[in-house]
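The values are calculated or read from the model by the stated rules, or taken from the named source; none is laboratory data. These numbers were taken from a predicted model, which means no experiment stands behind them. Cβ coordinates were reconstructed from backbone atoms using ideal geometry, including for glycine residues, and neighbour counts include every protein chain displayed. Accessible surface is based on the protein model in full, side chains and every heavy atom, while ligands, DNA and RNA are left aside. Shrake-Rupley method; radii C 1.70, N 1.55, O 1.52, S 1.80 Å.
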Amino acid sequence: MSVLLCVHDAEKTLRRAVESVQNQTLRNVELVAVDAGSEDSSVRMLDTFMERDIRVVVEHLPACSREEALDAAFERARGEYIVVMDADGWFDATYLQKLVDTAESEHVDLVVGGVTVQIETPRRRIDLETDETPVIYRTQHDFRTGSWEHFASGRLSPASAKLFDRARAAANKLRFNADNGNDHGFTFGYLRDVERVAFTGGGYHVHREVPEEHGVELARELYRDIGDEYEAVIELLRGWGLEGDAASMTMIQGRYLELLALCVEAACATQTGDTSADVRALVGQMIFDERAQLAAGVGLPRDGAARALIGPIKSQNVPLAIMQARLLSMVRRGAPATLAPDAFL
């Protein structure tokens, strides 16, 4: 088993992350940590861990993206399986053993673990958890037709908290740095022809500090990311022959609305110094887009903020969309508790 870890200026959380791997009940595990140009004490800490534990492998790179660092870690990995973790995350002591036991006892190609994301805002902390219900798909058909539920919950897209077969990933020439700004391309590439998949309970935790006021710049970045994910899911479903499947399409449209609502709310933050014209322009771009129009017509979002946005999208009413977003922000004052954890992974 190889755990892949990208580190960049993570001195506050790195020790907990590394020690959670060292303290696993699964002993046959290596930690492949790649430093992506850190300027804090992370560099020294990693070297110390490597000197004291032969299971820790460290590579130092100039400043690079998380995905580039994960590709470097993947090249160094030697375990039969790989698991991606975050420098601000940590495992329960039995987490990796459960993933391996599930893979081997159930003869599956992919194991998707549970995640708890702790969102820390200036006003409060919110815990977002994935569904803990164990599910095993023993055929490719069963997994594909049931995958919509797991895309909707946010469990399938990120590379974190999943057990991949390293040889299978290498044979398919998968890469984390797939020019889309996140590691989802690796996951979608693996899902393309996977046959047997298991979903297990939790045991992986991530702590994220999120400012309450976001602004246009972050909203624009989030909007680009959700568009990339939307297109990737559509392409995957098309490859599976499920592009016209009602359940799958209702899922992807509803999920797109949920994440779009997060983008609109971020753009409408009131204390960022963004001009009204910039906010209106970005919100208009988001709700006039054909993806948003389609999603508003057929999607069934679970999040109240997304449901409140359906009317303004259908009528292409930018002022109403902004007003709804700001009202919701005033009510909840923090990260939306109904969003899936992967929105912050």
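Brief remarks on what is shown
- Report note on the peptides 249-260, 133-144: ranked by the mean count of other C-beta atoms within 10 Å, highest first, their order is 249-260, 133-144.
- A protection proxy built from the mean count of other Cβ atoms within 10 Å ranks the segments 11-17, 32-38, most packed first, as 32-38, 11-17.
- Space enclosed by the convex hull of the alpha-carbon atoms of the chain, per residue, Å³: 127 Å³
- If you take all other residues with their beta carbon under 11 Å from the beta carbon of Trp148, and give Lys and Arg +1 and Asp and Glu -1, the sum is 0.
- Degrees, to the nearest 10: 95-106 long Cα axis against longest axis of the chain: 90 degrees
- Tensor-based shape of the stretch 131-255 (alpha-carbon gyration tensor, a/c under 1.5 rounded, otherwise prolate or oblate): rounded
- Counting only alpha carbon atoms, the long axis of helix 276-288 and the longest principal axis of the chain meet at about 80°.
- Surface composition of the stretch 46-186: carbon plus sulfur atoms contribute 48% of the solvent-accessible area (1.4 Å probe, protein chains only, all chains present).
- Long-range amide H partners of Glu30 with built H, under 5 Å: Ser2, Val3
- C-alpha long axis of helix 246-267 to longest principal axis of the chain, angle in °: 80 degrees
- The residues neighbouring Ala281, those whose beta-carbon lies less than 11 Å from its own, together hold a net charge of 0 under the Lys/Arg +1, Asp/Glu -1 convention.
- Over all pairs of different C-alpha atoms in the stretch 50-209, the reciprocal of the mean inverse distance, the Kirkwood hydrodynamic radius, equals 16.7 Å.
- The residues of the chain expose on average 43 square angstrom of accessible surface per residue, using a 1.4 Å probe on protein heavy atoms.
- Principal axis box of the stretch 189-255, alpha-carbon based, largest edge first, Å: 41, 31, 21
- For the stretch 71-117, pairs of C-alpha atoms spaced more than 18 angstrom apart make up 38 percent of the total.
- Mean separation of Cα contacts under 8 Å (6+ apart) over length of the chain, as relative contact order %: 18 percent
- When all protein chains stay in place and ligands, DNA and RNA are ignored, the 1.4 Å accessible-area order of Ser2, Ser315, largest first, is Ser315, Ser2.
- Mean Cβ count within 10 Å, highest first, over the residues of peptides 182-193, 289-300: 182-193, 289-300
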